[in-house]
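Read the figures in this text as sums done on the coordinates, not as results from a lab. Computed from a predicted model, the values in this text were never measured in an experiment. Reconstructed Cβ throughout: ideal geometry from the backbone, glycine too, with neighbour counts over all protein chains shown.
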Amino acid sequence: MKIFIFSLCLILSFSSFVQASFLDDFFKGVQLPQQGQRDSDTTIAGLKEALSIGTNNAVLSVSKVDGYFKNEAIKILLPKNIQNIANVLSKIGYQKEVDEFILSMNRAAEKAAPKAKDIFIYAIKDMTIEDAIKILNGGDTAATDYFKSKTFDKLYESFKPIISKSMNEVGTTKAYKDMTNKYISAIPFSGLESFDLDHYVTTKALDGLFYMIGKEEKKIRTD
């Protein structure tokens, strides 16, 4: 009888030990995803913070005076169909007007650029976990591509009226008309085509902005 009771106690003790071990392992298994989720949340929060700083740096860099004009990588140059006009006018004494025209396009872009800050902030806040994972696992321009897809149309709508107004204020439109009129006077029947200058400058301004965001993204991935 004593042997039976002793054996029974051993069995119960062993069963309790096994059960306790199983429960310990079970709860450890439950805690791991929670810890993983916390790590994931921290990583995504860090990504958003880095992107917030990066986009802000890009906007500040192009918003300052000469942000476009003295940055050879993004400086807005004359469109091809106007470049021929400028070449002719430069040869007949209108180089100063050509230079002022180029400057005024860049000044208009610099004036519109600050509007991008809030649009980028909204895009970052609106970023889903899936978006963040794609950026983290994507190529060198994954974040830049995300911002293009999410913000380009909004940026265009925001930039274009400011650029149009600014170009009128600083004389870009007048300079363009003067240039084309002088060209037509110098070369009658030139067949000069109409051109949407506001669209051109707005598009080039956004191209330059996203170029700078791409540079900031490379810094984030490197650091």
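What spacing in nm lies between the two simple spin-label points modelled at D178 and A45, each 7 Å away from Cα in the Cβ direction? Placing both labels 7 Å along Cα→Cβ, they lie 5.7 nm apart. The string of couplings for the stretch 66-72 from the Karplus curve (6.51, -1.76, 1.60, θ = phi - 60°) is 6, x, 8, 4, 9, 9, 4 Hz, one whole number per residue in order, with x for Gly and Pro.
Could you pull out the GluC sites (Glu not before Pro) across the stretch 57-122 that fall in loop regions by DSSP (anything but H, G, I, E, B) with no more than 15 other Cβ atoms inside 10 Å?
Details: sites: E72, E97, E100, E110; in loops: E72.
Those satisfying the criteria are E72.
Sites listed here are trypsin sites (Lys or Arg not before Pro) in the stretch 67-101 whose DSSP assignment is loop and whose Cβ has at most 12 other Cβ atoms within 10 Å: K70.
Between Q83 and F152, the modelled label-to-label distance comes to 2.3 nm, taking each label 7 Å out from Cα in the direction of the beta carbon.
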